[in-house]
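Some notes on the structure that comes next.
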Amino acid sequence: MANRIWKLSILLLFLPALEACHAQFQKELRYLDLYLGIKPDNNGDIPVEEAAGFATYIESPDELNCDFETECLWRNSPTDNLLDTSDWWYFKKNDEKTFPVQIQPGNPNIPKGEHFIIAGNTTKTPNGAVLSSAPIACQKGFSNLTFSFWLYNNAQVEVIILRAMNRRRHLQVLMRPKMKCDFLGAANEECRVEIPPIKEPFRIGIRAFDLKDNTVGSLAIIDHIRYHGKICQQSPFPSSFSSLRIPPYDPSPMARMSDLSCDRPLRSCRWGNMAKSQLSEWRVGRSIDRWIDMFEITANQSHPNSSFLFLAVDSFSPRPYSSLTSQVIPCSQRTTSLSLKYWMKTGTQAEICAVDEDGVALSCAYLEPTDSPGPITIDLDSYSQPFKFTVGIIAFDENSFGLLAISELRVAGLLCTEPAPPVVTTISPPVIQHIFGLQPGNGRYVPYDLSLNCDFTKDYCSQWVNYDGIVKYGVMPRDSDVFPVPKGAKGNVAVFLMQNATVSTLRSRMVPCSYNGRIDVEYMKSQDAQIRICALEQCVDGNDGNGTISIGVSSTTPFYVSIEASSRDDAVAIINKISTSGDFCPLKTAEQTVCDQLVCNFKDTFCSYETIVEKPGDVPVLKTENGATVTLSGGGIRAVLLSPTFDLAYPSILTITLSQSTFGSRVLLCPDVTSDPTLCHELSGPRVLDSSDKQVMFPLDIGARSFSLVLLHDKSIEFGPATFSIKAMELRTVNNEPMCF
């Protein structure tokens, strides 16, 4: 018997290389047949259903029943080097020999010709092999999984419930049901596992693990898999949010463009599905139960406030996916605007299109995750032929599922047969937002032209920066009844949209110098708006409703130019072009500018920094040959070095060379001068062991615009005076490479 058990190790040595079937393994295969009466079949490959069977949900639990005599809906999971590091192999019993007592607890008398699968290994490091089922849409109530099993030499087996889709090639475990299936089970005992209800798509995994022993190896055998329970036959995602099918709409002709608006999808909405399958169609959500889980967001993020439309699909959903499609619009006499709020699960990509009757796209816009929830507005120029709008998912992360929800769907414009409304002359910020289609610009973190010249019809002009979000970018309306524009004014513009009493600024990047320069700004404004251009402590007002304001500038030192808008009430000021004449030094890039502002060696200079005395106990920092220096004793406990206001081109690392002399002293980096020390980042101290120079680093986020270096010593009575010296400040990239040269 000992010799018989020793020969089991041959099996385990053989398994990882079964496909090779080189001559050197024929002897081992003969031993397996001689001592255990087993041999590989089908070259060791488990007979499985075609790939299509694993790409759709099973329709009955019986589909997972498997004796391994025919093709089954079970297969080896792809190796993920975590749960699965090995494989199951296909064997059959070749004679009437019984298994030795060291292989338990299954029936040792396996009939001749019966098939089963084996996992084994002879490594020191534990290995695991996962056999996974075809996907199951969901499980209603408890179910039972049973199978015969045999274990040898400390091998173990477990049942794991896996998400239906892997993520980044890793198996995702939803749960491990309670079970007790081990070597010490009663003779001929089956493994029985009760699986609790599961509300999302999943696979069942049978995992052999602790496959290790470099002397004689270990193994697990399974057979006769049975699954009993009540399952969903289609994905549960479309039925989320207590959803209902979209009711059919009245196909009668529209009287006005606004008839397409849809605030209450279960009532009179002229939108419907355009798809062949009800399993991947848009539905009406009536609650936000599981909203956070489905969208994988935090609890404080937004959600619809009433019923909404949504589409949920996964990699097993029938294609093509449905598009949410409007009733056909016969034609329009002015710009048609579609606005909506939307939410997308991470990884989902979606678009809105206007298409003609044949489905040919006239215009499309991608839904950007950063713009969610909006509302966003999509405009289509007047069109003399029939057209319609569509909303749909075009791609998603197939390791998870795709989810898109929309609400507050509104359409504005004029049908060809619709009379024009009366002219309204009052300024309404929401109306201005809508008719201009206002959107944020590219922001201040993008490359920009190195001149002050700007034509907003062609560019966002990121060399001109707005920090308060008042300035948006849109398109000058044409033939507008609510906002008359000067004849010939058209194209993209920058808009100050002001509510109540507001002041906002569009400021240039730093201008190095100018000689006999002139800046012209083309503008228009509403009655309650004021606009002016300022530079070098002088300003020029724009007094007319529209026109050009100009300012002359000459300077050998750097300066800024600002366009300032203010209002007494709701008002709008519009800029469509900025031009220059005369001589201007080229602007510096964002990298060059921030380097000029923040890099300093502090030898008899503060560069662009300044020392601040804000409150009692503050002491000014002094310029010295040895750096920016201050001594804090009983007369003062704090000194502050304030940075200039800056714009980073990308996240950076601030490197500070400094020294401090006394135990208990601290160097802090704070958001501003008034910050409480507990809200600051401690760069150095209070444990100071020597006064030698040292470097400290702090990562600057791209949104940072200023900081305060606070030198603090309130322990002078205990430890004596503390002397601080700031020797240098430098900038490095996040890869710790020099940023400034």
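The values are calculated or read from the model by the stated rules, or taken from the named source; none is laboratory data. All values derive from a computational prediction rather than experimental measurement. Here the Cβ positions follow ideal geometry from the backbone for every residue, glycine too, while neighbour counts run over all protein chains shown. Please note that ligands, DNA and RNA were not included when accessible areas were found on the heavy atoms of the full protein model with its side chains. Shrake-Rupley method; radii C 1.70, N 1.55, O 1.52, S 1.80 Å.
Where the centre of each part is set by its Cα atoms, how far does the stretch 625-667 sit from the stretch 678-720, in angstrom? Value for the Cα centre distance between the two parts: 7 Å. For the stretch 75-171, the set of GluC sites (Glu not before Pro) satisfying both a DSSP loop assignment and a count of at most 12 other C-beta atoms within 10 Å is given as Glu96. In a DSSP loop and with at most 12 other Cβ atoms within 10 Å, the trypsin sites (Lys or Arg not before Pro) in the stretch 627-716 are Arg687. Is the C-alpha gyration tensor of the stretch 27-232 telling us rounded, prolate or oblate? Criteria: a/c under 1.5 is rounded; beyond that, a/b larger than b/c is prolate, otherwise oblate. Prolate is the answer for the stretch 27-232, as a/c is 1.5 or above and a/b outweighs b/c. When the alpha carbon coordinates of the stretch 591-733 are projected onto the principal axes, the ranges are 44, 30, 25 Å, largest first.
Can you give me the C-alpha center-to-center distance between the stretch 301-343 and the stretch 129-192, rounded to a whole angstrom? After rounding, the separation between the Cα centres reads 41 Å. When the pairs Lys199/Lys345; Lys140/Lys178; Lys178/Lys199; Lys93/Lys230 are compared against a 23 Å limit on Cα-Cα distance, Lys93/Lys230 fall above it.
In this structure the chain gives 46 Å² per residue of accessible area when probed at 1.4 Å with all protein chains present. The GluC sites (Glu not before Pro) of the stretch 500-595 meeting both criteria, a DSSP state outside H, G, I, E and B (loop) and at most 15 other C-beta atoms within 10 angstrom of the site's C-beta, are Glu537. If the cut-off is 27 Å between C-alpha atoms, which lysines fall inside it for Lys577, apart from same-chain ones fewer than 8 positions away? Excluding near neighbours in sequence, the set is Lys458, Lys472, Lys487, Lys490, Lys525, Lys588.
Highest-first packing order for the peptide set 180-188, 568-576 is 568-576, 180-188, based on the mean count of other beta carbon atoms within 10 Å. When only Cα pairs below 8 angstrom with a gap of at least 6 residues are kept, the chain shows a relative contact order of 8 percent.
Across the stretch 237-415, Cα pairs under 8 Å and at least six residues apart give a relative contact order of 30 percent. With a 1.4 Å probe and all protein chains left in place, how much of the accessible area of the chain comes from carbon and sulfur atoms, in whole percent? The nonpolar share, carbon plus sulfur, comes to 49 percent.
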